[in-house]
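**Q** Just passing along the structure, written as structure tokens.
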Amino acid sequence: MATLSIDFSKYHGLGNDFILIDNRDIEKPCLSPQDAIKFCDRHFGIGADGVIFLMSAGLDIYKMRIFNSDGSEPEMCGNGIRCLAKFMQDLQIPSQIPSQIPSQGGGTPEGNRYLVETNAGLMTLQLNPDGQVTVDMGEPRLLAREIPTTLVDPDRKVINVPLEVDGRVWDVTTVSMGNPHCITFVADVDAIPLAELGIKFEHHPVFPQRINTEFIEVVSSSYIKMRVWERGAGATLACGTGACAAVVAGVLTGKCDRLCTVNLPGGDLQIYWDLATNHVLMTGTADKVFSGIISA
Ligand code: ZDP
């Protein structure tokens, strides 16, 4: 007998794909982590890297929650939050703050702007007239205890620190964008055995909350190529928080400009780490694929 009947929409940001659910009317996510595992399955379910819930945290206050495809709950999700911005616009939720983008014809400014709470803090989402979404991802966190990692003393930063994984020493830089990232610069990202290494980084004992791992090839100071192994989701076509973390690591190690394009298997993201505010801005696409009803 059917026990569930839930409307959902499928979106993706550069091929990083999510099941989005309007969960504003109830306090808890309407799916359990076990349901998330089931519906994310690409053969026995809808197929996705995660499930995202649009929650209401009070009158006109929105919150994002997300389950990875393994049922774990990360603090934040960069590609997912761009999809959420599109989802909120498609639900005709009015702009919460005045747009910063002047209209072409001099009338009402274009592009909804939303404020969304996450477990990594408050994010500002801007829908751009060209269809892309810019998210103010807030400040990167760099201290070892904020990642968290035991690689160095808790109040120090991990910038180019040697770490042995799979019998090889890698110089790593760690950055938290709310969720933890370990960045390694390599000569050729396509030569990296991603699945084999990624799982070993993810479960390395120096990362008590596990880790997302990004391998970066610097093509130029304003263009880098990234391959990612995500905590709880494995190899994905893109990772928004990872792209932000990679540019922060690139700036800290003198390899990247503050404005940098990150090429991922699913496409490009523009990242800007603003010196004046210390905030990281991420711009990229987010697209709807289809809607349906979960009935199980
Ligand atoms: O931190 C984690 O456990 C990630 N798997 C969360 C998802 C991150 C994501 N790929 C992104 O774009 O930031 C969705």
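The values are calculated or read from the model by the stated rules, or taken from the named source; none is laboratory data. Since we're looking at a predicted model, the values are computed, not measured. Positions of Cβ are generated from backbone atoms using ideal geometry, with glycine treated the same way; all protein chains shown enter the neighbour counts. Accessible surface is based on the protein model in full, side chains and every heavy atom, while ligands, DNA and RNA are left aside. Shrake-Rupley method; radii C 1.70, N 1.55, O 1.52, S 1.80 Å.
**Q** For the range 240-273: of the residues being more than 20 Å from residue 77 (Cα to Cα) and part of a loop (DSSP other than H, G, I, E, B), which is farthest from the ligand (Cβ to nearest atom)?
**A** Going through the qualifying residues, I end up with 254.
**Q** When you check residue 237 against the structure, is it part of a loop (DSSP other than H, G, I, E, B), within 13 Å of the ligand (Cβ to nearest atom) and open to solvent by 50 Å² or more (accessible area, probe 1.4 Å), yes or no?
**A** yes
**Q** If you don't mind, another one. Only residues in the range 274-296 that are modelled with pLDDT of 95 or more count as the first member; pair them with residues that are part of a loop (DSSP other than H, G, I, E, B) and among the small types (Gly, Ala, Ser), Cβ under 9 angstrom, at least 6 apart or cross-chain, and list the lot.
**A** 278/138; 279/138; 280/138; 284/238; 285/131; 286/131; 287/131
**Q** Condition first: within 16 Å of residue 90 (Cβ to Cβ) and in a loop (DSSP other than H, G, I, E, B). Now tell me which residues in the range 113-141 satisfy that.
**A** Of everything in the range 113-141, those that are within 16 Å of residue 90 (Cβ to Cβ) and in a loop (DSSP other than H, G, I, E, B) turn out to be 128, 131, 132.
**Q** May I pose another question? Among the strands (runs of 3 or more DSSP E) confined wholly to the range 166-234, which include 1 or more residues that are touching a residue at least 60 places away in the same chain (Cβ under 8 Å), open to solvent by less than 10 Å² (accessible area, probe 1.4 Å) and among the small types (Gly, Ala, Ser)?
**A** 168-176
**Q** So, of the residues in the range 144-161 that are without any contact (Cβ under 8 Å) to a residue 12 or more places away in the chain and open to solvent by 80 Å² or more (accessible area, probe 1.4 Å), which turns out to be farthest from the chain's Cα centre (by Cα)?
**A** Here the residue is 153.
**Q** Sticking with this one: Would you mention how many residues in the range 267-296 are open to solvent by 30 Å² or more (accessible area, probe 1.4 Å) and either of a type in the set (A, V, I, L, M, F, W, C) or touching a His at 6+ places or on another chain (Cβ under 8 Å) (or both)?
**A** Selection size over the range 267-296: 8.
**Q** Among the residues of the range 22-55, which ones are over 25 Å from residue 122 (Cα atoms), outside any helix (DSSP H, G or I) and open to solvent by 10 Å² or more (accessible area, probe 1.4 Å)?
**A** Of everything in the range 22-55, those that are over 25 Å from residue 122 (Cα atoms), outside any helix (DSSP H, G or I) and open to solvent by 10 Å² or more (accessible area, probe 1.4 Å) turn out to be 41, 42, 43, 44, 45, 46.
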